[in-house]
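Structure first, then comments.
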Amino acid sequence: MSESKLDVSFWPSVNQLTNPLVKHLVDNAKVLRLLVEKLPSGATVIDAGIKAEGGLEAGRLIAEICMGGLGHVNLHSSSTFPHWPWTLSVHSNNPVLSCLGSQYAGWSLSHEKFFSLGSGPGRALAGREELYKELGYKDSADAAVLVLESDKVPPQEVIEKVARDTGVKAENLTFILTPTRSLAGTVQIVARVLEVALHKIHTLHFPLEHVVDGAASAPLPPPAPDFLIGMGRTNDAILFGGHAHIFVKGSDEAAAKLAQELPSSASRDYGRPFAEVFKAVNMDFYKIDPLLFSPAAVTVTAVESGKSFTGGKLDAALLDQSFGYSA
């Protein structure tokens, strides 16, 4: 792995930034329709959609926690898609750290029948992924939070592993649980529209140190009663309705190339609702073309020349199909 060219000397602690946001979530649990529980280990669990009802605002706040306190997530009306009037807009002025160093669901946590991918600031304390060697970033904090897209409370063994790997005492750990089918889960997944763009930029080997800033948006899908459909809709919101605007350093040629390669339509698996694609590969994520996971449309601005390049397109028809629209 080559040494990171990113200047991480000015990067803040994503865990220290999110501690006040987690406290706000706990202090306002009743208003946000969340359940907060202290486990025997001392760890705190915030239920945002298992027994708790949760909601859109809870999902928005959880998404900002997931982004390490370096992202802003807003819910607002939009006329882009006639049948889906609400849109999530996401921005981070440090998208590499916020999206890849915190928000990306990259930490595999499992024990017996429990499995979940951990996302959020706690990942940066553990540094268990190769990605952190490439970023050259290691966080330090006395408290940590992880967001789990799960409908089960993590067992004691997983909590002990997280405490061990992060160096944080169990009583200072918080796990936020956001099932895919819940309203909060729906919001926090779609709020990954910028993160998905950054992850694909990384997959394409575009220099991360050339990424200056970024913003993205995607429509809010209806939740689904079925896990597979719910997962499909949240992915399709990004694959068919996501639009990312990335600001980069470097040549116009490199920016134009990125604009063509970045959209989801550049993938061989593009063109069907995600639930269909997932079924076709027997629900094996690793058989899906990794280049599929990206916003539908992108704008790449080369900040030195001021020129912008576009790629991909929004697809309202595929969005309607996925979201279960009936006239």
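The values are calculated or read from the model by the stated rules, or taken from the named source; none is laboratory data. All of these numbers come straight from a predicted model, not from anything done at the bench. Cβ placement follows ideal geometry from the backbone for every residue including glycine, while neighbour counts extend to all protein chains displayed. SASA here: full protein model, heavy atoms, side chains in, ligands and nucleic acids out. Shrake-Rupley method; radii C 1.70, N 1.55, O 1.52, S 1.80 Å.
The rows are residues; the columns are (1) over 20 Å from the mean Cα position of the chain (by Cα); (2) free of Cβ contacts under 8 Å to residues at least 12 places away in the same chain.
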{"site": "F274", "(1), (2)": "no, no"}
{"site": "A280", "(1), (2)": "yes, yes"}
{"site": "Y286", "(1), (2)": "no, yes"}
{"site": "T299", "(1), (2)": "no, no"}
{"site": "A302", "(1), (2)": "yes, no"}
{"site": "S305", "(1), (2)": "yes, no"}
{"site": "G311", "(1), (2)": "yes, no"}
{"site": "A316", "(1), (2)": "yes, no"}
{"site": "L319", "(1), (2)": "no, no"}
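For V153, the conditions (1) touching a Gly at 6+ places or on another chain (Cβ under 7 Å); (2) β-branched (V, I, T); (3) open to solvent by 50 Å² or more (accessible area, probe 1.4 Å) are fulfilled apart from (1). A Cβ distance below 7 Å, combined with a sequence gap of six or more or placement on separate chains, defines the contacts here; from the range 143-157, residues that are more than 21 Å from N235 (Cβ to Cβ) reach residues that are open to solvent by less than 80 Å² (accessible area, probe 1.4 Å) and assigned to a loop (DSSP other than H, G, I, E, B) in the pairs A143/V168; A144/P121; A144/V168; V145/G120; V145/P121; L146/G120; Q156/S41. Against the conditions (1) assigned to a helix (DSSP H, G or I); (2) buried (at least 21 other Cβ atoms within 10 Å of the Cβ); (3) modelled with pLDDT of 95 or more; (4) among the small types (G, A, S), A254 satisfies every one except (2). If you check S77, S41 for being at pLDDT 95 or above, closer than 14 Å to P219 by Cα and of a type in the set (G, A, S), only one passes: S77.
Looking across the range 81-118, the residues that are exposed (fewer than 15 other Cβ atoms within 10 Å of the Cβ), of a type outside the set (D, E) and outside any strand (DSSP E or B) come down to P82, H83, P85, N93, K113. Can you pull out every residue in the range 9-63 that is assigned to a helix (DSSP H, G or I), open to solvent by less than 20 Å² (accessible area, probe 1.4 Å), touching a residue at least 40 places away in the same chain (Cβ under 8 Å) and over 17 Å from T180 (Cβ atoms)? If the condition is that a residue be assigned to a helix (DSSP H, G or I), open to solvent by less than 20 Å² (accessible area, probe 1.4 Å), touching a residue at least 40 places away in the same chain (Cβ under 8 Å) and over 17 Å from T180 (Cβ atoms), then V14, N15, T18, V22, L25 are the ones that fit.
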